[in-house]
Structure formats: C-alpha cells, structure tokens
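The values are calculated or read from the model by the stated rules, or taken from the named source; none is laboratory data. Small disclaimer: the values here were computed from a predicted structure and weren't measured. Quick reminder, even Gly has a Cβ in these numbers, built from the backbone with ideal geometry, and neighbours come from all protein chains shown.
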Amino acid sequence: MIAIADPSAFLKFFEDLAQHKKGWQGEKQVASLESQFAITCTYEGKMFRPEVSMNVACALDYPSFDPYWSVQLHLDVDPDSLQDVVARARAVFANAAAEPGAAPDRGVV
C-alpha cells in the first residue's frame with residue numbers, strides 16, 4: 001500500500017487535465033508524499049492526432065535509491081477521453097479518502 005496524504009490532489013490533477021484537453025505547455029505532475037507513486041503528463045499536439053503522453057511510476061522501499069521493486073507504465077491517452085478518466089479517478093480517489101482506518105486527510109491506493 002502506498003499512503004497518499006491528499007487523495008484530492010490526484011483527483012484535481014485529472015480534472016485539470018480534462019479542463020485543458022486542448023493542450024498545455026510543459027509537464028503536469030502529481031505524486032504521493034514520498035514520490036512512491038507519481039504521474040507525469042505532457043500534451044503532444046500532433047496536427048492530426050493530439051494525445052496526452054502519461055507516464056505512471058510506482059516504487060516501494062523509499063527513500064532507498066535501490067527500490068525493492070518498481071514499475072513504470074507509459075500510456076498515450078486521447079484527450080477526448082479525459083472526462084472518462086476523471087470519472088474513474090473520482091471513484092478511485094474518493095474510495096481512497098474513505099478507506100477504513102485512514103486518517104481523515106490520508107488515503108491509500
């Protein structure tokens with residue numbers, strides 16, 4: 001389990017992506033408190049097929065620089081599907097915030 005101090009930050013991140021589905025400059029990033037779970041997105045505004053390049057990284061055994069395990073995932077996301085992603089993020093991060101035994105401001109993913 002990865003503790004996330006503020007699950008609403010992840011939801012706001014996805015809402016921001018959907019709000020700017022026509023594009024943005026640079027990177028948008030959100031991460032757990034110790035960066036064990038992080039998502040970084042860039043907008044690739046190709047003329048005929050724009051997409052959001054999403055990199056997801058998860059690693060345990062922080063703060064060691066030699067994690068016990070890690071996984072990275074790259075997704076090319078259609079900007080028009082970001083509203084669906086927000087709906088799914090609401091379900092995941094709302095559940096994380098309501099996780100039994102979690103402090104009111106801490107979620108677990």
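For residues in the stretch 21-33 being part of a loop (DSSP other than H, G, I, E, B) and surrounded by fewer than 15 Cβ atoms within 10 Å (Cβ to Cβ), which is nearest to the chain's Cα centre (by Cα)? Checking each candidate, the answer is Leu33.
Exactly one residue out of Asp105, Asp84 is modelled with pLDDT of 95 or more, under 21 Å from Pro7 (Cα atoms) and either not aliphatic (A, V, I, L, M) or not in a strand (DSSP E or B) (or both): that is Asp84. Note on the stretch 7-20: residues that are closer than 22 Å to Glu34 by Cβ, buried (at least 17 other Cβ atoms within 10 Å of the Cβ) and not aliphatic (A, V, I, L, M) total 4. Annotation: Pro100 fulfils all but one of (1) surrounded by fewer than 13 Cβ atoms within 10 Å (Cβ to Cβ); (2) modelled with pLDDT of 95 or more; the unmet one is (2). I'd like the residue in the stretch 67-81 that is assigned to a helix (DSSP H, G or I) and in contact (Cβ under 8 Å) with a residue 12 or more places away in the chain and, out of all such residues, is farthest from Ala57 (Cα to Cα). Filtering first and then ranking leaves Asp80.
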